[in-house]
Structures are given as structure tokens and as C-alpha cells.
Amino acid sequence: MVKKIAFIIVGLLSVLSSFSQEFQAQVTVNASRINSTVDKKVFVTLQNQLNNFINNRRWTTDEFKANEKIECSFLLNLESIAETNVYKASLIIQAARPVFNSSYQSALLNFQDADLTFKYIEFQPIEFNENRVQGNDPLIGNLTATLAFYCYTILGLDYDSFAPKGGDKFYQKAQSIVNNAPEASNISGWKLFDGLRNRYWLNENLINTRYNIIHDVIYSYYRSGLDKMYDKEAEARANVLQTLTQLQAFNQENSNTMFVQIFMQSKTTELIGIFKKGSSTDKAKAIDLLSKLDITNNQRFKDELK
């Protein structure tokens, strides 16, 4: 009987271990610019705590198998010490999604948040409460609020790429963080007047009902485009071309939106690869669209797709 119970317990544990948290995240804290008497092991402790915070927290009620985890990285560059235990930093967020029947990972998000101020004392708890975003100290709460905001945004983008408007509930969670964001004189990035490329505007683009086409673009690009490249290449290429046509129509009506800039900035090489083997007609259409959507790489598109 004891053996049977032990067998059942082992079986349950093996089933539970096949599911895990949502992220396979790598958080790196770069303190090379901090020239002070601060013991650098403080930043190693911070890095370990942030990795545990993102990777061990349950962000959804869904079950993720180990191979379904979202691969992402967070590079926290500490720029200076504003005051004791208060740091000015920038944060680079990258996340990717696997393409069906391949080992290729396509970028979901690649963004630098250049304006992050937070307070950290070694071994202080790294916690986040959705119902009390600010916590006892806004400067302490700002770090976890920012990381949670990007985690929910990444989840939204990932779910959008697998199902039409699948990420809505996560964008709403990110919006809740924006609405209840930490407030202090030296905290920015959460308000519409804090610039044109910040957390506020990223979330606004993703929840604005006037911009619903954005979610169609995300879904069709990944699911109808990239995921079909393995066995239906011509159809997949045509679908990507149609997606870019939708995106350009949106871009003409809503110029300089943050979403279009973020969507395009990490896809230059990927898009060139997609159309490199296309017909001359497809190449010509792609060059025309891509040159309008990504002006900075205009010449590269023309040179490599001619």
C-alpha cells in the first residue's frame, strides 16, 4: 500500500513537472557604469532576485509545457546613482516566438526603455501586487511594476500571434499597471506627456479599439505567414505581403504610431529572407511597402531584394 501511494505521488509530481511557468527569461544587470564604493555583489543579488521574480511567478492561469515557455531577455543597464540606493537605468526588452516546424525564433518585442528610476536595497523583497502597484515606496515599486508591465505585454503579443485578439486580457493587465503606476517626481515613462515612445504609448496602441487592425496584423504575420513557410512557402509569402499591405494602410491613417516602429525595427533581416526567394513581382511589391514602413532601411531593401 505504501509503495502504491509513493508511486501515485511520483506520478503526480511527474505530471506537474511537465508544466511550468510562462517565461524562460534571462535577466542581466549591467553595473559597469557605476563607479562608486557600492559593493558590486549587490547587483548580483538583484540580478538573481529579478530572474526568480520573472521565471518563478505564475503570470497566467494557463498551463505551459517546458517547450512552450516564452524566451525573453531583460538587460538592465544601470547608468548612475541618483541618491543612496536609487538608480537611473535603461532597460532593453527582447522576446521571441518559435516558428512552426523550425528552430527559428521570430522577434515579438525588441525595445529599449530609456527612462527607469528605481530604489533597491540588497535582499529587499522583489514583489509585485496587481492590486497595489505602488507598494509602500513608489521608487521600490517602479522596478517590479515596469517588469510586470513588459511581461504582460509580451504575453499579449505571444497570445495574439497564435489566436485572433488572443492577447487582449494581458494588454488589459498591462493597462491596469499604467493606470496605477508608481508616482514620484523622478518617475516617468507612465504618462502620455512623458514622451512619444514609452510604456503609456505602447499600451495605448495595443488597447485602442481604433487600432484593432494591429492585432490582425500580429496574428496574420506569424500564424498565416511565418508558421506556413515550411510547407506552404508561396502561400505564406503571399500572406506576409497582404499583412504588410494592411500595416501600410494603417500607417497611412495613423502616422508615427509606436507599434509600427516597434514591429518593423527587428524584422529587416527576417523580411528580406522571406522575399529573397519570391518572384520579381512579389519583390517589387515588398520593396514598395517596406520602404514606406521602414524608411531607415529603404536602401537595404532595394539592394538585397533587387
*Can you tell me which residue among 112, 47 is modelled with pLDDT of 95 or more and loosely packed, with under 15 Cβ neighbours inside 10 Å?*
112
*asked:* When the residues of segment 254-306 are narrowed to those that are out of contact with any helix residue (DSSP H, G or I) (no Cβ under 8 Å at 6 or more places or on another chain), outside any helix (DSSP H, G or I) and in contact (Cβ under 8 Å) with a residue 40 or more places away in the chain, which ends up farthest from residue 156 (Cα to Cα)?
replied: 256
*Condition broken by residue 89, with the remaining ones in (1) surrounded by fewer than 16 Cβ atoms within 10 Å (Cβ to Cβ); (2) of a type in the set (Gly, Ala, Ser); (3) modelled with pLDDT of 95 or more satisfied*: (1)
*Tell me which residues, restricted to segment 38-73, are part of a strand (DSSP E or B) and either within 16 Å of the chain's Cα centre (by Cα) or not assigned by TED's automatic domain parsing to the domain that holds residue 155 (or both).*
70, 71, 72, 73
_Can you report the number of residues in segment 179-199 which are crowded, with 22+ Cβ neighbours inside 10 Å and outside any loop (DSSP other than H, G, I, E, B)?_
1
*asked:* Would you confirm, using the coordinates I've provided, whether residue 231 is in contact (Cβ under 8 Å) with a residue 60 or more places away in the chain, crowded, with 18+ Cβ neighbours inside 10 Å and either over 29 Å from residue 143 (Cβ atoms) or polar (S, T, N, Q) (or both)?
replied: no
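The values are calculated or read from the model by the stated rules, or taken from the named source; none is laboratory data. Quick caveat, the model's predicted, so the values are computed rather than measured. Here the Cβ is made from the backbone with ideal geometry for all residues, glycine too, and neighbour counts use every protein chain on show.
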